[in-house]
Structure formats: structure tokens, C-alpha cells
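Only one structure is covered here, and it is reproduced in the block below.
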Amino acid sequence: MACAHCGAVAAILAAQCSESPVYEECWIGMRRGDKRQSVEFRAKATPLVLGELELVVLALHDISDQKRRGVLEQSLLHDARNLLGGILTWSELLQVEPSTEAVTSIRELALRLREHLSGHRTLAEAERGELMVDRKPLDLPALARALGEAFSRHPAGEGKSFVVRFPSQETPPVSDQSLVLRVLSNMVANALEA
């Protein structure tokens, strides 16, 4: 099925009326082995005249990795700005009036920022194929406690209860505890902020 607004088609049509290259972006569904995936391309359509023939040469450059990194970078910056905003607000309050609540909040936000930056380092390692995964049976009660503690003081969690129930299993699932905690933390944070 062709996309009605395909960037490659738009570039080709525009290049037919132009004397210079035209650039657009497009998504193309591909199959590699038994895997289907969508790949994002920058399409460059260049008009070419060969004698009486008027042609358009289409070149596609895979920009999927670049686009994915851009989204991750924007997410990092957005979340880091939010956490730093909280740190600044509490530190300004602390300048006006000393408060143990302000000191505690600044510390918690700084710890969350450090964890957030660590999470993005992990994503970068995964992107480069350098992530070392520590697969062990998961400690589900410890995961639940860590999630509960992390979000009991989260600003978006105010007035909300946090209950975790895991089904009883004779054999716990096997994965990397810290990576599972990071994924679950992101899911809970997104749910609280929705």
C-alpha cells in the first residue's frame, strides 16, 4: 500500500518542475528476514537531462538512527529541564527561609536527575551495542518496593495511591533487575503525568 503523502513521491514530482535537487523525508516498510520494520529515509530527487530524456534520479539515505537519537535527546532535555526547574524552585525557597523540606526535596530531585542521566547513558550504550545485561531471577518484591519508594514523593503522584501486585510464581522471570526497574519507572512516571 502506497502512502498518499509519500515524501519520495513528493520529491520526484517537485524535481520534475525544478532544475535543482529536492529533499523530502519518507517512511518505507521493509522486511529483513522474518522481521518487518519501518525505515525513515531522506529522499533526494535530482532532475537529470540526457539528450532529449528528462529523468529524475532518486537517492534514499537511511536516517532512522539519527531520528531515534533526536527523539531520545529531546526526551532527555525535557525531563532534565523539569527536574532542574524543581531543584531551582526549592533552592530559591531555601534562600528565603531555611527548611528541611526544601533540602530533602532538592536532594530527591538531584538523585532523580542523576538516575535520569544514568538511564540515558544506558540507552546510548544499547544504541552502540555496548550494554552489558546482568540476567538473573528478578526479585519482584524488591522491584515493587523500589517503585513505591521512588513514586511516593513524586510530584505527579500527590493524592494518588500506588499498589503493586505480582502474580505468585514458583520461578521468577529472568532479566536485568536494574533495566526492568528503569522501564517500569518510566511507565509509572508517564502514567502519573498523563
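The values are calculated or read from the model by the stated rules, or taken from the named source; none is laboratory data. These numbers were taken from a predicted model, which means no experiment stands behind them. Backbone-built Cβ (ideal geometry, glycine too); neighbour counts: all protein chains shown. For the accessible areas, the whole protein counts, side chains as well, though only heavy atoms, and no ligand, DNA or RNA atoms are used. Shrake-Rupley method; radii C 1.70, N 1.55, O 1.52, S 1.80 Å.
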Here FRET efficiency (C-beta to C-beta, Ser161 to Ala110, R₀ 25 Å, nearest 0.05) is 0.45
Excluding residues fewer than 8 places away in the same chain, name every one of the aspartates and glutamates whose C-alpha is closer than 12 Å to that of Lys44.
-> Glu24, Glu25, Asp62
Percent accessible area from carbon and sulfur atoms, the chain, protein chains only, probe 1.4 Å = 56
Expected field for Val103, accessible surface area in Å² at 1.4 Å probe radius, rounded to 10, holds 80
Can you pull out the GluC sites (Glu not before Pro) in segment 127-194 that DSSP calls coil and that have at most 12 other Cβ atoms within 10 Å?
-> Glu130, Glu158, Glu170
What ranking of Ser118, Ser152, Ser168 comes out by heavy-atom accessible area, probe 1.4 Å, highest first?
-> Ser168, Ser152, Ser118
Inter-site label distance for Arg135 and Ser64 at 7 Å from Cα along Cβ, in nm | 2.4
What GluC sites (Glu not before Pro) in segment 33-117 are in a loop by DSSP, with at most 13 other Cβ atoms within 10 Å of the Cβ?
-> Glu52
Measuring with a 1.4 Å probe in the full set of protein chains, what accessible area per residue, in whole Å², belongs to the chain?
-> 74
Cα shape, segment 82-151, gyration tensor, a/c 1.5 rule | oblate
Can you list the trypsin sites (Lys or Arg not before Pro) in segment 57-159 that are in a DSSP coil and have 12 or fewer other beta carbons within 10 angstrom?
-> Arg135
If you look at just the Cα atoms of segment 1-146, how large are its Rg and its Dmax in Å?
-> 25.0, 82
